[in-house]
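As structure tokens, the structure follows; a few thoughts come after it.
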Amino acid sequence: MPLTAFTNVFAGNPLDRSSYARSKPDWVAEKLADPASLALVIWNGKPMVEKREGGGSQIAYVRAAMAGELSDGAERLLFMGLWKETAVFALDLEGAADPADGPLEGLGRFEDLRMVALDLPGPDAAILATAKAMFEWRRRHRFCAVCGHASEASEGGWKRVCPSCKAEHFPRTDPVVIMLPTRGETCLLGRQAAWPKGTYSALAGFLEPGESIEEACAREIWEESGLRTASVRYHSTQPWPYPSSLMIGLIAEVEDGEATPDQTELEEVRWFTREEARTLVNGGLPGARAPGGLAIAHQLIKAWAEA
Ligand SMILES: [Zn+2]
């Protein structure tokens, strides 16, 4: 399928990651000092954004040198890539005090990425999702998984190296299969007890070691609904930085049989006709609703319903 066939929110980061150049510390340092270089800022997982001319929001960039000063070393800095000739960095800030009331006053405001994502241009949402995923990884992997020694950021932040045992650690991406089971002109959605009343969504679960994507899809459908899968079709994928998932969106045709919720993950499963599913994603089905357009589940239901 062509690369542009379908782009979910958080996919489509336009930066040139410059994987080879970023492995050279001198090159990264030179880019950080370059007055033309920019940096985005994340505080406690929230990106700094500003109003966009004509409506909506956009990334509020600061000078990279300023981010360098606020970072206090390499740990909180990430080289994101190049936008044409301009180097883009990211700065990770933590703590109780809002930096928008401190050193970054007047430069932007910090917003929850999920809340602001649909308000951002697609490329901005994807750049921020990349930075957030990388900083979530850093936060959770400060120590060497081999020997327990504190590890150090390397290659612009894209690798961590243990100074004790020399082990190298790379950012995680955890694959999740998310699928819409279908049978002819109906599709099956499930609901978790914790979700808001009337909310239905696609089935999902982590892919486990030793499984192919289609095997994980079939297992999850079997576990959550008691149905056997006949075939699996790929739709699209979505980076999901909570904290490091890749959602693999699938549409799966299932065999005859009664759908039964497992009562562990799902309290209810429900069949929808194609027309009901179409009304559901457009927000008009009484008593039932689907996740919003940010979620790949929404896109899966919509793609099948409107096919
Ligand atoms: Zn080690």
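The values are calculated or read from the model by the stated rules, or taken from the named source; none is laboratory data. What you are looking at is a predicted structure, and each value in this text was computed from that prediction instead of being measured. Cβ atoms come from the backbone with ideal geometry, glycine included; neighbour counts cover every protein chain shown.
Evaluate the following for E208: is it of a type in the set (D, E) and within 16 Å of the ligand (Cβ to nearest atom)?
no
Just to verify a result, which residue in segment 197-210, among those that are within 22 Å of the chain's Cα centre (by Cα), of a type outside the set (G, A, S) and in a loop (DSSP other than H, G, I, E, B), is nearest to W271 (Cα to Cα)?
Y200
Test P209 against the stated conditions and say whether it is touching a strand residue (DSSP E or B) at 6+ places or on another chain (Cβ under 8 Å) and not hydrophobic (A, V, I, L, M, F, W, C).
no
Of everything in segment 133-159 that's buried (at least 16 other Cβ atoms within 10 Å of the Cβ), over 11 Å from L78 (Cα atoms) and hydrophobic (A, V, I, L, M, F, W, C), which residue is nearest to the ligand (Cβ to nearest atom)?
C144
Kindly indicate which of A39, A74 is modelled with pLDDT under 95, under 15 Å from F135 (Cα atoms) and in contact with a strand residue (DSSP E or B) (Cβ under 7 Å, 6 or more places away or on another chain).
The conditions single out A74.
Give all pairs with beta carbons closer than 6 Å in which a residue from segment 254-280 that is on the phi > 0 side of the Ramachandran plot meets a residue that is among the hydrophobic types (A, V, I, L, M, F, W, C) and buried (at least 16 other Cβ atoms within 10 Å of the Cβ); count only pairs at least 6 apart in sequence or on separate chains.
These pairs meet every condition: G257/L227.
Given the conditions (1) at pLDDT 95 or above; (2) more than 26 Å from T173 (Cα to Cα); (3) out of contact with any Cys (no Cβ under 8 Å at 6 or more places or on another chain), report the number of the one that A277 does not fulfil.
The failed condition is (3).
With the condition kept exactly as written, say whether any residue in segment 59-80 is among the aliphatic types (A, V, I, L, M), more than 26 Å from D119 (Cα to Cα), part of a loop (DSSP other than H, G, I, E, B) and more than 19 Å from the chain's Cα centre (by Cα).
Looking through segment 59-80, at least one residue is among the aliphatic types (A, V, I, L, M), more than 26 Å from D119 (Cα to Cα), part of a loop (DSSP other than H, G, I, E, B) and more than 19 Å from the chain's Cα centre (by Cα).
For segment 111-126, does any single residue satisfy the condition of being within 13 Å of the ligand (Cβ to nearest atom), modelled with pLDDT of 95 or more and of a type outside the set (S, T, Y)?
No, segment 111-126 contains no residue that is within 13 Å of the ligand (Cβ to nearest atom), modelled with pLDDT of 95 or more and of a type outside the set (S, T, Y).
If a residue must be within 10 Å of the ligand (Cβ to nearest atom) and within 30 Å of A277 (Cβ to Cβ), how many such residues does segment 160-185 contain?
Matching residues across segment 160-185 total 0.
Mind listing just one residue for me: the one in segment 23-62 that is basic (K, R) and surrounded by fewer than 17 Cβ atoms within 10 Å (Cβ to Cβ) and, of those, nearest to R139 (Cα to Cα)?
K24
Of all residues in segment 74-89, how many are aromatic (F, W, Y) and surrounded by 22 or more Cβ atoms within 10 Å (Cβ to Cβ)?
2
Among A307, A259, A252, which is at pLDDT below 95 and not in a helix (DSSP H, G or I)?
A307
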